[in-house]
Amino acid sequence: GDSVTQMEGPVTLSEEAFLTINCTYTATGYPSLFWYVQYPGEGLQLLLKATKADDKGSNKGFEATYRKETTSFHLEKGSVQVSDSAVYFCALSDRKNGGFKTIFGAGTRLFVKA
Amino acid sequence: DAMVIQNPRYQVTQFGKPVTLSCSQTLNHNVMYWYQQKSSQAPKLLFHYYDKDFNNEADTPDNFQSRRPNTSFCFLDIRSPGLGDAAMYLCATTTGVGTEAFFGQGTRLTVV
């Protein structure tokens with residue numbers, strides 16, 4: 001079945017450091033790919049998305065490119081801030097057996113130190 | 001304005017006592033999902049509705065049931081909560097495949 005694998009955390013960075021969180025997926029169809037962010041005690045919020053190969057999603061300085069050849073959707077940011085501290089989830093959405101599913105990776109916790 | 005609303009934010013229930021969590025949406029989305037999220041883990045899909053069509057995940061325990069009386073509302077019923085059911089329960093909606101999911105703030109369930 002479909003699955004999402006992302007790098008284990010926690011990731012601890014100093015402010016203004018470069019961030020990469022790796023994400024790879026397996027899917028039998030042509031899924032859409034997403035990054036969601038979760039702040040403590042809250043639900044998930046969409047950070048960015050890409051719906052087809054070579055699309056780049058971007059938002060708030062974060063970027064990720066849909067790479068079909070490597071089945072990857074790595075999240076990057078050039079200069080992180082303390083306010084970026086949160087848990088980041090890579091996810092895919094695909095149609096399966098007549099239903100619709102969004103499947104999440106295990107999440108990567110990011111700590112940014114001032 | 002909140003578009004997916006879950007009530008209550010925090011729920012404490014007794015072991016074995018039925019409990020219902022509720023979710024409402026103002027987005028008029030076709031698809032509504034219930035996820036269970038335990039500490040430091042990914043949200044785990046329990047089931048989803050596409051309109052009135054119910055789709056249960058194969059590994060969702062029978063203890064968990066759901067109702068969707070209309071487009072706006074969806075309920076999660078836990079018939080006999082056990083200590084292992086303590087978790088954050090997330091409701092989400094989408095228009096369909098390939099679109100982003102909109103999440104509520106979640107209900108944190110404690111079983112005592």
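The values are calculated or read from the model by the stated rules, or taken from the named source; none is laboratory data. As the structure is a prediction and not an experimental result, all values here were calculated from the model. No Cβ is skipped: glycine too gets one built from the backbone with ideal geometry, and neighbour counts run over all protein chains shown. Please note that ligands, DNA and RNA were not included when accessible areas were found on the heavy atoms of the full protein model with its side chains. Shrake-Rupley method; radii C 1.70, N 1.55, O 1.52, S 1.80 Å.
Among the residues of the stretch B:45-60, what is the count of those that are open to solvent by less than 60 Å² (accessible area, probe 1.4 Å), assigned to a loop (DSSP other than H, G, I, E, B) and at pLDDT 90 or above?
Quick first cut of the stretch B:45-60, residues open to solvent by less than 60 Å² (accessible area, probe 1.4 Å) only: B:45-49, B:55, B:57, B:60.
Remaining after also requiring assigned to a loop (DSSP other than H, G, I, E, B): B:57, B:60.
If we keep only those that are at pLDDT 90 or above as well, we get B:60.
Counting residues in the stretch B:45-60 that are open to solvent by less than 60 Å² (accessible area, probe 1.4 Å), assigned to a loop (DSSP other than H, G, I, E, B) and at pLDDT 90 or above gives 1.
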Exercise. Please enumerate the residues belonging to the stretch B:3-39 that are hydrophobic (A, V, I, L, M, F, W, C) and either assigned to a strand (DSSP E or B) or in contact with a Ser or Thr (Cβ under 8 Å, 6 or more places away or on another chain) (or both).
Key: B:Met3, B:Val4, B:Ile5, B:Val12, B:Val19, B:Leu21, B:Cys23, B:Leu27, B:Val31, B:Met32, B:Trp34
Self-check item: Residue satisfying all of: in the stretch B:81-109; open to solvent by 60 Å² or more (accessible area, probe 1.4 Å) and more than 7 Å from chain A (Cβ to nearest Cβ); farthest from B:Asn63 (Cα to Cα) among these
Solution: B:Thr95
Self-check item: Which numbered condition B:Val31 misses (of (1) touching a residue at least 40 places away in the same chain (Cβ under 8 Å); (2) open to solvent by 70 Å² or more (accessible area, probe 1.4 Å); (3) of a type in the set (A, V, I, L, M))
Solution: (2)
Exercise. Tell me which residues, restricted to the stretch A:83-101, are over 13 Å from the mean Cα position of the chain (by Cα) and modelled with pLDDT of 85 or more.
Key: A:Ser83, A:Asp84, A:Ser85
Quiz item: When the residues of the stretch A:27-54 are filtered to those that are among the β-branched types (Val, Ile, Thr) and open to solvent by 40 Å² or more (accessible area, probe 1.4 Å), which remaining residue is farthest from A:Val4 (Cα to Cα)?
Solution: A:Thr51
Quiz item: Within the bounds of the stretch A:11-19, is there any residue that is more than 10 Å from chain B (Cβ to nearest Cβ), of a type in the set (D, E, K, R) and buried (at least 16 other Cβ atoms within 10 Å of the Cβ)?
Solution: no
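Is there a residue in the stretch A:64-72 that is under 27 Å from B:Ser39 (Cα atoms) and open to solvent by 50 Å² or more (accessible area, probe 1.4 Å)? Step through it out loud before you land on a result.
So in the stretch A:64-72, the residues under 27 Å from B:Ser39 (Cα atoms) come out as A:64, A:72.
Checking the rest, the ones that are also open to solvent by 50 Å² or more (accessible area, probe 1.4 Å) come to none.
Looking through the stretch A:64-72, none of the residues is under 27 Å from B:Ser39 (Cα atoms) and open to solvent by 50 Å² or more (accessible area, probe 1.4 Å).
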Quiz prompt | B:Ala42 in a loop (DSSP other than H, G, I, E, B), surrounded by fewer than 15 Cβ atoms within 10 Å (Cβ to Cβ) and within 14 Å of another protein chain (Cβ to nearest Cβ) | solution = no
Practice problem: Check the stretch B:50-59 and report whether any residue there is more than 11 Å from chain A (Cβ to nearest Cβ), closer than 25 Å to A:Ala91 by Cβ and within 13 Å of the chain's Cα centre (by Cα). | Solution: no
Self-check item: Top-ranked residue in the stretch A:59-95 [being among the polar types (S, T, N, Q) and touching a strand residue (DSSP E or B) at 6+ places or on another chain (Cβ under 6 Å); ranked as nearest to the other protein chains (Cβ to nearest Cβ)]
Solution: A:Ser93
Quiz item: Which condition number in (1) open to solvent by 20 Å² or more (accessible area, probe 1.4 Å); (2) more than 9 Å from every other protein chain (Cβ to nearest Cβ); (3) under 11 Å from the mean Cα position of the chain (by Cα); (4) closer than 28 Å to A:Val37 by Cβ is the one that B:Gln65 fails?
Solution: (4)
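Give, as residue ranges, the strands (runs of 3 or more DSSP E) completely inside the stretch A:1-94 that count at least 3 residues that are among the aliphatic types (A, V, I, L, M). Break it down into steps so the answer makes sense when it comes.
Working: elements: A:3-6, A:11-14, A:19-21, A:23-26, A:32-38, A:44-50, A:56-59, A:62-65, A:75-77.
It comes to A:44-50.
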